[in-house]
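Only the coordinates and a few stated rules stand behind these numbers; no lab work does. No experiment lies behind these values; they were computed from the predicted model shown. Positions of Cβ are backbone-derived with ideal geometry, glycine not excepted, and every protein chain shown enters the neighbour counts.
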Amino acid sequence: MGNIISIIKLKAYFSIFIKIFIACILDIGIKFLVTTYKLDFNFYNIVFIKRIVNNGFLGGFGNDFDISLKLLFHFTAVVLLIIGYIFMYLKYGKHKYLYYYLVFVLSGSFGSFLERSINGYVTDWIRINKLTMWFNLSDLYLIFGALLYIIFYFRISKSQKNKRKISNDKRQL
């Protein structure tokens with residue numbers, strides 16, 4: 001019985017790895033297309049596509065940092081995100097929002113880490129009108145992961161409050 005459970009867990013981890021790998025390949029593929037074909041256009045002055053080299057983080061913060069410090073920052077962020085996932089998993093158990101949070105956040109973090117470790121910078125290629133920052137697919141993965149985490153947190157909090165209220169109501173009866 002223990003071997004079957006181990007195989008199921010191994011399949012789940014492999015599934016996460018495959019999803020992260022596909023997401024990173026998609027990110028790298030789009031950056032390759034934007035860079036190789038020197039794409040520079042916009043859609044109705046709303047979405048702009050152009051290759052921008054980002055030497056820093058979060059809209060250029062940290063441009064002057066050494067590459068080893070930038071890689072250390074990425075590595076530390078990934079470790080903290082994984083630790084956060086583990087704590088949430090241990091506290092709330094298996095949940096689809098946590099699963100997709102992990103996939104999105106690790107895809108975004110690993111995609112940026114991989115490119116920064118190879119090139120020394122990250123390629124941003126999309127900007128939405130009214131936003132001043134350029135970003136890439138890895139950044140979107142991180143944003144979606146954060147949104148899923150927030151949704152998960154509020155749903156779990158609401159669910160636990162309802163459970164407490166129901167248990168208090170039962171005690172009063």
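General observations
- Residue check: residue 17 meets all listed conditions (1) aromatic (Phe, Trp, Tyr); (2) exposed (fewer than 14 other Cβ atoms within 10 Å of the Cβ); (3) not in a helix (DSSP H, G or I) but one, namely (3).
- Number of the exception - residue 105 against (1) of a type outside the set (Gly, Ala, Ser); (2) in contact (Cβ under 8 Å) with a residue 60 or more places away in the chain; (3) closer than 20 Å to residue 12 by Cβ: (2)
- Some residue of region 50-61 being hydrophobic (A, V, I, L, M, F, W, C) and over 26 Å from residue 130 (Cα atoms): no
- Screening region 95-127 for residues that are part of a strand (DSSP E or B) and touching a Lys or Arg at 6+ places or on another chain (Cβ under 7 Å) and picking the one that is nearest to residue 65 (Cα to Cα) gives 122.
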